[in-house]
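First comes the structure, then the notes that go with it.
Throughout, read-outs are computed from the coordinates displayed, never taken from laboratory work. Worth saying up front: this structure is predicted, and the values here are computed from it rather than measured. Here the Cβ positions follow ideal geometry from the backbone for every residue, glycine too, while neighbour counts run over all protein chains shown.
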Amino acid sequence: MTTRTKKRAVKVAGRYRDPVPPEPDAPVDEPVEEPVEPLPRKRRARLVFPAVAIVLAALAVWFTVEARDTNAVLAHNTALSDVSGTADAGKQISAALGTLFSYRYDDPARNDRAAKDLLTGPALTQYSRLFGQVRQLAAEQKLVVTSTAVASGVKLLDGDRAALLVFLDQTGTRGDGQRSTGAAQLSVTAERTGGKWRITGMSAA
């Protein structure tokens with residue numbers, strides 16, 4: 001003889017063991033974490049590109065050789081009395097900075113030649129080492145940077161030594177046509193040999 005057993009819902013702790021599934025619009029107790037998607041390639045490029053121009057300007061922070069105390073180094077200041085000498089120093093050094101901080105991704109050797117011609121002493125080694133970082137970024141983005149000295153002032157002039165404050169404007173153009181602008185304010189020391197001024201030290205002013 002077979003006895004049929006009647007199934008019953010068992011109530012446990014104030015609710016049935018087999019509850020009715022919640023409605024689709026019912027709130028969910030546990031939050032659902034949404035995956036964080038990486039930035040699109042184009043947006044990442046826009047963020048990286050302006051940083052390259054900033055790097056070019058910020059390199060000057062590292063050039064602190066002989067730029068520590070120009071008042072002590074240059075005891076006799078003739079910047080105001082020697083008008084022609086002051087003008088010559090300002091013109092040559094401003095042009096040198098514009099050349100040094102301009103860059104073409106397809107002609108890195110140009111900066112190497114300019115550094116050897118316009119820098120002297122430890123500043124030359126420092127410049128060459130630091131621009132190695134710029135080369136990689138510039139090649140990736142096909143970057144062309146143009147730097148122009150828009151203003152300069154000779155603070156101290158003592159024979160063949162000088163100290164200047166120079167303002168640079170920079171414009172960078174990437175391979176896809178995007179542009180970025182920046183500016184730098186540099187404190188510069190230089191020395192003259194054979195009538196030519198060469199930079200001995202730079203620092204961010």
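Data overview
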| item | result |
| --- | --- |
| Over the range 106-164 - Rg/Rh using Cα atoms and the Kirkwood inverse-distance radius | 1.06 |
| Highest average packing first - 148-156, 184-192, Cβ atoms within 10 Å | 184-192, 148-156 |
| Nearest-20 debye value, the range 103-200 charge dipole, Cβ charges on Lys, Arg, Asp, Glu | 80 |
| Derived scalar couplings ³J(HN,Hα) [the range 128-143; Karplus, 6.51 cos²θ - 1.76 cosθ + 1.60; whole Hz; x for Gly, Pro] | 4, 5, 6, 6, x, 6, 5, 4, 5, 5, 5, 5, 5, 9, 6, 8 |
